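Written below as structure tokens is the structure these notes are about.
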Amino acid sequence: MKLSPLFKLSMCFLLIFVSCSKDSNETEETQSKSDKNELLEFSVTIQDTKNQLVINSNEILHTFPAEINLTGLTPVITISEKATISPKSGVAQDFTKEVIYTVTAENGTTNIYKVNLANEDEDAENKNVVFSFMNLAEGRSNFNHIKQPEAEADSIQYRIPYLSNIPALKLHLNLPEGATSIPKSDETLDFTNPVTYTVTFHSGDSKKYIVSVDNRLDQVELPPFSINMFADKAPGETITFNAYPTNPILDSVKVNLINSHTRESTPLIVEKIENTSYRSDAVTARLPESYLNGRYEIEIFIEHDNSTETNDSDLRFSKGTPNFSHASINGELDRVISRPGAHISANLYLDHSRLEDYTFSLKKDGVAYEFTNATYSSGSGNESFVLTLPDLDTADAPNGIDYKFAIHLDGEIYEYNLIDYWGKAIPVVSGGSPKNASVSKNVYTKGDMLTVTGENLYFANKGEYIFREFSEIVLASTDASGKDLSYRFPVESNSENTLSLPIPDKVQSGSYELKLKNNLIGYNNNNDAETGIEIEILQPASTHPTLVVTEAIIGVKSDKPFYKQARITFNESIEGIQVDEILFVENSLSVKNFLNYPTSVVTGQLEDNYLNEMDQKSDGKVLVTDNGVTYEIPFSIVFQH
């Protein structure tokens, strides 16, 4: 069967996706596995005597007496937990030549150790000097012996337990027969600074050894934590986690909880530290008697300059006080506007076993306005709740910047400032339908400024999806006018409480109901807000000093004069005045041919489509020229039945 190119392409994408997913899973698994690959102890037993050999960095050097057979020694080896070694411990090896051991960590990383054993030369003078401290504190120690030519001083660098008394250490020197040392073996000395030993051998040869000690703790480390590791820990309970190394002086170990969002730090009381395994200490600390739920990091100090924190592993604590962190306003940059269907996302930290028991509200001046719906949405580690806003407009809630976010549980109310992610207070605007509208007068002439004041008339548009660009002033002709006209005028404003509009010339004279529609999506999408206001709009006055229209009629009966003709009558003679043009139907019809009479003009028959429009749009004007000046003389057509 022949496969289509589209099918092949789809299969390629599928294989790539599976491969990527597999690689991603393998990466996550590798990151969670141990990377420890150290060789900790290496010993061989000869004639019932255990010989523990010194591990110097990644090399083991040791000289045995001449009679010891090195061809079949069986070492016992201790390595890091979860690691493997090759060759294996307990397997005999021929140590007359170098043997290489490979330690492999759980995550696959390797570490190489070289073992070189030798027999003493029976004829050579024994110049082996072994150093060992006699009064170290309990704990592990090791050293690094850097050998130099005989004429130069060797360097021996000791790492000793933290509590060792460096100013009073006793160093024992295991010297060859006949050798002496300065200072002497087993003297108690101050090792705050390096101490130089001079060993003189039986032959008279001498060798210097510079011995230095260091009891500093390694950099403390914390393993990865799971987010819900302590989610069920109530205030006052203890938490236990692994860390290494820790200071053996309990009071020197400090543990803090750091709020991942605010970075506020809360100290915990460290009660116990136990060594549970190699390079792993269990730290037990007590939570405070009260804490705010949230996402926290653990910070541990083992010395003033040796600390770390779980900044890659947030921990959820949810058995304390319910907590509101911040709100994210969907589509609105700096305000909450309550409108049908509007919602906000709130970062809340609650007891997940009781999510159904919580309710939420906005509060101002002691009055709670309850959210109508709350949906938990946990994605990418977020603690987000999508909340449907209450209808603040219907509740007649005031606007303000001092609203509280309230969490209700078991009769208790937990109040927090309503803030955004950056801690800035979020203003709350009751974004309802336009209301409480008023005008300064009820009679207007075309060209006058119509100014409406009220509430919720216009909202500043910052580009968010919840806003239209303009609010609207709507003029709808009243039933008494006998017309069916409606005008919608987009209006932009600098104020939420004012809309202004110069009444356009196209608006027909007559009485109108004033309606409003603000620019907030969700209100008046299909219906305009009633204001209960009626206004009268008049034709403007004639611009001629004396000439006005006294009558403008059109005959509608075929057996009567002026059938389908317009007769415009003036208040005085128009002899000597040039009538230039008559404009009808919002200036869309221009008539320049007509009969002139002493005080009137009469058009020819007008087309039916214009006559039909004039039934609703009756306003017009005559343009005349008198003494070289053009004037506009308005009129309103009346159909003569």
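The values are calculated or read from the model by the stated rules, or taken from the named source; none is laboratory data. Because the structure is predicted, anything quoted here is derived from the model rather than measured. Here Cβ is always computed from backbone atoms with ideal geometry, including for glycine, and neighbour counts include all displayed protein chains. With ligands, DNA and RNA removed, areas are computed over all heavy atoms of the protein, side chains included. Shrake-Rupley method; radii C 1.70, N 1.55, O 1.52, S 1.80 Å.
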Bins of 10 Å, starting at 0 and running to the largest distance - Cα pair percent for region 565-641: 18, 56, 23, 3
Derived scalar couplings ³J(HN,Hα) [region 88-103; Karplus, 6.51 cos²θ - 1.76 cosθ + 1.60; whole Hz; x for Gly, Pro]: 6, 5, x, 10, 5, 9, 8, 8, 6, 10, 5, 10, 10, 10, 10, 9
Extension gain (nm, one decimal) between residue 538 and residue 313, 0.36 nm per residue minus Cα-Cα: 73.6 nm
FRET efficiency, 1/(1 + (r/R0)^6) with R0 45 Å, evaluated for residue 494 and residue 445 via beta carbons: 0.95
Prolate/oblate/rounded label for region 507-641 (Cα gyration tensor, a/c 1.5): prolate
Structure-derived Rg and Dmax of the Cα atoms in Å: which label, when the choices are [x] 38.3, 118; [y] 28.3, 91; [z] 47.7, 155: [z]
Loop-resident sites, region 403-445, for trypsin sites (Lys or Arg not before Pro), counting at most 16 other Cβ within 10 Å (DSSP): 424, 441
Kirkwood Rh, Cα atoms: Rg over Rh of region 462-520: 1.05
Restricting region 419-498 to GluC sites (Glu not before Pro) in coil, as DSSP defines it, with at most 10 other Cβ within 10 Å: 469
Theoretical FRET efficiency, 1/(1+(r/R0)^6), r = Cβ-Cβ of residue 124 and residue 94, R0 35 Å, to 0.05: 0.90
Using a Förster distance of 22 Å, the FRET efficiency for residue 58-residue 163 (Cβ separation, nearest 0.05): 0.20
Whole-Å semi-axes of region 504-568's equivalent ellipsoid (Cα gyration tensor): 38, 19, 10
Mean projection area, nm², convex hull over Cα of region 167-309: 11.7 nm²
For a label point 7 Å along the Cα-to-beta-carbon line of residue 625, residues of region 568-612 with backbone N under 12 Å: 577-581
18 Å Cα-Cα reach of residue 207 towards lysines, excluding residues that sit fewer than 8 places from it in its own chain: 127, 147, 184
Low-density loop positions, GluC sites (Glu not before Pro), region 564-641 - DSSP coil, at most 14 other Cβ in 10 Å: 572, 575, 607
Geometric extent, Cα atoms of region 203-242 - Rg, Dmax (angstrom): 24.1, 73
Cα-based reach from residue 446 at 14 Å (exclusive), listing aspartates and glutamates while leaving out same-chain residues under 8 positions away: 505, 536, 586, 619, 632
³J(HN,Hα), Karplus 6.51/-1.76/1.60, whole Hz, each residue of region 150-163, x for Gly, Pro: 4, 6, 10, 7, 6, 10, 10, 10, 9, 10, 10, x, 4, 8
For the chain, size of Cβ-based charge dipole, Lys and Arg +1, Asp and Glu -1, in debye: 1060 debye
On Cα atoms only, tilt of 5-32 relative to the major axis of the chain in degrees: 50 degrees
Residues of the chain: accessible area per residue with a 1.4 Å probe, Å²: 53 Å²
Protein accessible area in the chain, 1.4 Å probe - carbon and sulfur %: 48 percent
Gyration tensor verdict on region 67-225 (Cα atoms; rounded if a/c is under 1.5, prolate if a/b is larger than b/c, oblate otherwise): oblate
Which of 223, 153, 443, positive extreme of dipole for the chain (C-beta unit charges): 443
Partner lysines for residue 517 [C-alpha distance under 20 Å; skip if fewer than 8 residues away on the same chain]: 435, 462
